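Here the structure comes first, spelled out in structure tokens, and everything after it is commentary.
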Amino acid sequence: MKLAYLNGLWLLFTACGVLVFGWAPATAALHSVLRKLRDPTKEVAIFREFAHVYKQNFFKATGIGTMFVLGIGALLVSYVGLVTMAAPLLMRFMFLSVACFYVIMSVFLFPVLISSRCRTFSVFKLSFLYGVGHLHYAVIGIVFVFGFFFLSLTIPTVGIFFGVSLPAWFVCQLFVKMEEGQKVQVGGVRKVA
């Protein structure tokens, strides 16, 4: 039920930000609330926390979201260029490599934004390093998000109530598991979780 409520908040705050400027801060707020809801000992005022994080991270998240969308646009323009000019195999391979790295980086972009206090470009770098350093988690996240997207196309009601919140919850679980694994590894003895 909380996921449906969070999805509704995401839609509301995205609309308040005139869609273009609202989706990234709303996604950051969603990830922040999901992270705080993991602790069963704390009571979280979901709306208040969502609104607070939305306002607090509005400009930084909007900047990151804008750069992210511009990156997608650059990839699409490059793809169209490769298709129309019958590019050599090496150029196609380079494009595919960059696109794969971009998708891997995008999985952990908002969890890194919320969990770290670094500059804008460092968020991209850290999310890329998290994705490459924990490639199996990144692949699991990508498969889940795409699988859920296709499920939402088949059953639109699922997408309406859980379209953003459930994939964000899943990615949040993966990210926290990665962080816990790093804490164990940094502590000296690596234990298998």
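Key figures
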{"item": "Residue that is closer than 25 Å to Trp10 by Cα, surrounded by 14 or more Cβ atoms within 10 Å (Cβ to Cβ), out of contact with any Pro (no Cβ under 8 Å at 6 or more places or on another chain) and of a type in the set (Gly, Ala, Ser), where the choices are Gly163, Gly181", "result": "Gly163"}
{"item": "Residue within region 101-108 that is among the polar types (S, T, N, Q), at pLDDT 95 or above and at negative phi present", "result": "yes"}
{"item": "Positions within region 33-66 being buried (at least 16 other Cβ atoms within 10 Å of the Cβ) and closer than 30 Å to Met91 by Cα, in sequence order", "result": "Ile64, Gly65"}
{"item": "Whichever residue in region 141-160 is surrounded by 13 or more Cβ atoms within 10 Å (Cβ to Cβ) and of a type in the set (Gly, Ala, Ser) and, among such residues, is nearest to Val103 (Cα to Cα)", "result": "Gly141"}
{"item": "Count of residues meeting criterion [closer than 18 Å to Trp169 by Cα and touching a residue at least 40 places away in the same chain (Cβ under 8 Å)] in region 27-60", "result": "12"}
{"item": "Selection count, region 13-32, where residues are over 20 Å from Phe124 (Cβ atoms) and buried (at least 16 other Cβ atoms within 10 Å of the Cβ)", "result": "4"}
{"item": "Tally, over region 3-47, of residues that are assigned to a helix (DSSP H, G or I) and of a type in the set (Asp, Glu)", "result": "0"}
{"item": "Qualifying residue in region 48-55 (condition: over 21 Å from Trp10 (Cβ atoms), part of a helix (DSSP H, G or I) and not hydrophobic (A, V, I, L, M, F, W, C))", "result": "no"}
{"item": "Residue match in region 107-117 (condition: loosely packed, with under 15 Cβ neighbours inside 10 Å, more than 12 Å from the chain's Cα centre (by Cα) and under 13 Å from Ile64 (Cβ atoms))", "result": "yes"}
{"item": "Residue within region 33-55 that is β-branched (Val, Ile, Thr), farther than 26 Å from Val143 by Cα and either at pLDDT 95 or above or touching a Ser or Thr at 6+ places or on another chain (Cβ under 8 Å) (or both) present", "result": "yes"}
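The values are calculated or read from the model by the stated rules, or taken from the named source; none is laboratory data. Owing to the predicted nature of the structure, the values given are computational and were not obtained by experimental measurement. Cβ coordinates were reconstructed from backbone atoms using ideal geometry, including for glycine residues, and neighbour counts include every protein chain displayed.
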